[in-house]
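All of the numbers you see were taken from the coordinates with simple rules; none came from a lab. What you see is a predicted model, and the numbers here were worked out from it, not measured in a lab. Here the Cβ is made from the backbone with ideal geometry for all residues, glycine too, and neighbour counts use every protein chain on show.
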Amino acid sequence: MRKLFFLLTLLIPRALYAADGSELWLRYKPVDAEVAQRRTIRLQVNNEIAQLAKKELDSYWSGSPVELRLDRSVKRLKEGYQIKRRGSDLLVTAAKPVGLLYAAYHLLRLQEVGADVQNIDIEEVPDFDIRILNHWDNLDGTVERGYAGYSLWKWDDLPKKISPRYERYARANASIGINATVLNNVNASPQILTPDYLEKVKALADVFRKYGIRVYLSANFSSPKVLGGLADSDPLRKEVKAWWIAKVDEIYKHIPDFGGFLVKANSEGQPGPQDYGRTHADGANMLADALKPYGGTVMWRAFVYNPTQEDRAKQAYQEFVPLDGKFRENVIIQIKNGPIDFQPREPFTPVFGAMDKTQQMVEFQITQEYLGFSNHLVYLAPLFKETLDAETFSRGPGSTVARITTSSAGGSKKTAISAVSNIGEDDSWTGHHFGQANWYAFGRLAWNHQLTSEDIAEEWICQTFTGATAFREPVRQMMMDSREAVVDYMMPLGLHHIFAFDHHYGPEPWGDMEGGRPDWMPWYYHNADTTGIGFNRTKSGSNAVSQYKEPLQTAYGNLTTCPENLLLYFHHVSWSHTMKSGRSLWDELCFRYDRGVKEVREFQKTWDRLESYVDQQRFEEVQSKLKIQTRDAVWWKDACLLYFQIFAKMPIPYELERPIHELDELKKIKLDMKHHN
Ligand code: BDP
């Protein structure tokens, strides 16, 4: 029967396999009756999540018989599992029902990538306890920095109407080990905490629970004032504390396994404890106290900066490090990977490793706000790993960001990792088919940060497209090259934040706005002038280098030892400075921009050659996005080089492609972002 099916598939023209990407990496084929009979899936426990594990294997697992066993005494497994061969069977053991579900997806993944499970003997324990997506979804259905259509959450239809998409979302997350989600934007509307909305949130939590996913909410710090009618939201005021205690109580009545709050406070105009002369710790602790009886967690963001004279890169450290040791044990400080924002490349944020007595977690951005939206193919695992593997030297060698955030500090019982989602209601979920790989990679790294970017890409390709070597290898290579390519054509050598104002899509190194905040203006970051370019963060400049531990401080602070890929982040460098290549800085900049463009042209060739391996729709959609990416890369290159040339006053090396745009023309481009969302 299977053979026949296989033969038939060879005869069916490829176009008939309409695939729109909606299945993500979950393209398992149902097993036929004959196989199902041959291999039983045994499970003794009567638990909803465990039953789901059995159901997934019953439907899709074509290997040997499996016994699913729950052994709550093997606590070291946490949400993980063991899979072992026992005679002709596979024996799966987990301490928690969700561990069985994760094991089921592990087996299915092995099946899809064609791995041999004959002698399987594995034990998997997740690196982080809370593996959480942050949705920046607004209650009106829009998504801040979302490029895959409107929000998945249909607030107007909830709680009565439950979209089938909710369960598919939960399943996709569970298949990669994600166990938590923040439903709403960090720029939070207080409305989310009203009784009406809590009913809606409960409806979602009820769907997600059977996939082991807990719901969290972004809380607006002014909620007591706005919703409760209190005079203010001062965290030290009795009435304010009482309001939160009652609110938390109400939430847990609806959602007994509610995870907790994510809070953006005193940042970019959001309210917070500083409005009342209180500290971040005062604010976070008040919420933590309210959540504590229920085991809830506060994720308090360190993304704070004000339009002062101080270098923006230094501000999170300045505000948070003095508060080390002052946070409750159920507070985790959520820190963006870079000190500025989610740029194509930044050093890691020095707050990591500078607060020994405080639990810390990373916030990554999967949605490509600063990386070409859902138009550019950029595989983010290398970017995520660059931060996780970054050596902070805070507790001697080996104190990587991963090590710091996977260890508990300040009495915390939970470790966590988060990322801002790129998911919307588009059929493909993520707008670009390759955007799915970034969701996938985040989940896999949150489970095991030591997986390599290559291996994750391979797994994803095999499951999402095909495992054929002739397809898998070039696509993996393209993915692996894509992050450096985007750095090259947008912001090489440590340049950062030279995006067009507000929408962050195209280049605007000339960007300026009368009366606008300097720390939102590109010139603030690139500082190009006739002497050179770059942000001086050394001792003679803002001295942001001093926030890094030795030997990093010296390495970054010294022009000759600073890694070239961060050079203009830490130094203002003369145009004629000799780079490692022997070229002048100006020439090197030109070469990097040019190299970025060339890379993307290679991606086009790679993809076009692989047409016969991909279904028509996804082939064409990716092909068309690669065209946009190439045009954008040329746009970036021309805009930046023509603009910086005004200061450098040197020719673009003659062996390189010449600009095809006029600078004045490029300056006139104004994007209507409605078409880009
Ligand atoms: C910036 C985004 C803005 C977010 C902010 C944040 O442009 O939309 O609200 O980060 O993370 O990068 O709070």
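Considering only Cα-Cα distances, which of the following residue pairs are longer than 18 Å: LYS605/LYS627; LYS264/LYS670; LYS413/LYS549; LYS357/LYS385; LYS238/LYS413; LYS75/LYS413? Flagged as over cut-off: LYS264/LYS670; LYS413/LYS549; LYS357/LYS385; LYS238/LYS413.
State whether region 536-677 is rounded, prolate or oblate according to the following rule on the C-alpha gyration tensor (a ≥ b ≥ c being the square roots of its eigenvalues): a/c under 1.5 gives rounded; otherwise a/b larger than b/c gives prolate, and the remaining case gives oblate.
Numbers: a/c = 2.03, a/b = 1.70, b/c = 1.19.
Taking the square roots of the gyration eigenvalues as a ≥ b ≥ c, region 536-677 is prolate.
Could you tell me how far the Cα centroid of region 537-564 sits from the Cα centroid of region 640-663, in Å? Centre-to-centre distance over Cα atoms comes out at 30 Å.
Using a cut-off of 10 Å between beta-carbons, work out the net charge of the residues near LEU43 (Lys and Arg +1, Asp and Glu -1, LEU43 not included).
Details: positive: ARG42, LYS54, LYS55, ARG69; negative: ASP58, GLU67.
Taking every Cβ under 10 Å from that of LEU43, the sum is +2.
By its C-alpha gyration tensor, with a ≥ b ≥ c as the square roots of the eigenvalues, how is the chain shaped: rounded for a/c under 1.5, else prolate for a/b larger than b/c, else oblate? Cα axes put the chain in the oblate bin. Dipole orientation for the chain: of the candidates VAL475, LEU26, VAL117, VAL117 has the Cα lying most toward the positive pole (charges on Cβ; Lys, Arg +1; Asp, Glu -1).
Evaluated with a Cβ-only charge set (Lys, Arg +1; Asp, Glu -1), the chain carries a dipole of roughly 1880 debye about its Cα centre, given to the nearest 20. The percentage of C-alpha pairs in region 298-397 whose separation is greater than 17 Å is 54%. For a modelled paramagnetic label at ASP356, 7 Å from Cα along Cα-to-Cβ, the residues of region 542-556 in reach, with backbone nitrogen under 19 Å, are 547-553. Sorting the segments 268-278, 289-299, 425-435, 551-561 by their residues' average number of neighbouring beta-carbon atoms within 10 angstrom, most packed first, yields 425-435, 289-299, 268-278, 551-561. Taking the number of Cβ atoms within 10 Å of each Cβ as an exposure proxy, the fewest-first ranking of SER222, SER88 is SER88, SER222.
Using only alpha carbon pairs under 8 Å that are at least six residues apart, calculate the relative contact order of region 520-677 and give it in whole percent. Show your work: numbers first, answer last.
Details: 149 pairs, mean separation 31.7, N = 158.
For region 520-677, the relative contact order is 20 percent.
For region 287-338, the gyration tensor built on C-alpha atoms gives a prolate shape. Its axis ratio a/c (a ≥ b ≥ c) is at least 1.5, and a/b is the larger of a/b and b/c. Hydrophobic long helices, here whole DSSP H runs in the chain with Kyte-Doolittle means of at least -0.5 and Cα atoms spread over 27 Å or more along the helix axis, are found at 469-490, 616-648.
By the count of neighbouring beta-carbon atoms within 10 Å, fewest first, GLU599, GLU346 end up ordered GLU599, GLU346.
A Förster radius of 41 Å, combined with the Cβ-Cβ distance separating THR194 from GLN318, puts the computed FRET efficiency at roughly 0.70. Residue order for LYS161, LYS154, fewest other beta carbons within 10 angstrom first, comes to LYS161, LYS154.
Could you work out the relative contact order of region 130-449? I mean the mean sequence separation of Cα pairs under 8 Å and 6+ apart, divided by the number of residues, in percent.
RCO, region 130-449: 19 percent.
Comparing ASN422, LEU193, HIS503 along the charge dipole axis of the chain, the residue lying farthest to the positive side is LEU193, per the Cβ-charge model. Where in region 353-386 is the amide nitrogen less than 12 Å from a point lying 7 Å along the Cα-to-Cβ axis of ASP257? Under cut-off, by backbone N: nothing. Considered as an equivalent ellipsoid built on the Cα gyration tensor, region 589-660 has semi-axes of 31, 11, 7 Å, the largest given first.
Within region 634-650, what residues put their amide N at less than 18 Å from the label point 7 Å along the Cα-to-Cβ vector of ASP512? Only 640-649 pass the distance filter.
3J(HN,Hα) along region 222-233, derived from phi through the Karplus expression 6.51 cos²θ - 1.76 cosθ + 1.60 where θ = phi - 60°, amounts to 8, 3, x, 6, 6, 8, x, x, 6, 5, 7, 10 Hz, with x in place of Gly and Pro. With Cα atoms as the point set, region 31-124 shows a radius of gyration and Dmax of 12.2, 38 Å.
How high is the relative contact order of the chain? Use alpha-carbon pairs under 8 Å, at least six apart in sequence, and give a whole percent.
Working: 1315 pairs, mean separation 81.5, N = 677.
Reported relative contact order: 12 percent.
Note on the chain: dipole from Cβ charges, positive end direction compared against MET579, LEU589, TYR294; the farthest Cα belongs to TYR294.
Using only helices, what value at 222 nm comes out for the chain when you add -39,500 (n - 2.57) per DSSP H run of length 4 or more and divide by the total residues, to the nearest 500 deg cm²/dmol? Working shown, then result.
On the way: 21 runs with 255 residues, N = 677.
Result for the chain: -11500 deg cm²/dmol, rounded to the nearest 500.
Taking every DSSP bridge with both residues inside the chain, close to 30 percent are antiparallel.
Hey, got the dipole for region 161-307? About the Cα centre, +1 on K and R Cβ, -1 on D and E Cβ, debye to the nearest 20? Walk me through the numbers on the way to the answer.
Details: 19 positive and 14 negative charges, 105 e Å.
For region 161-307, the charge dipole is close to 500 debye.
What the pair-distance distribution of region 130-449 shows, using all Cα-Cα distances binned every 10 Å from zero, is 6, 28, 37, 24, 5, 0 percent.
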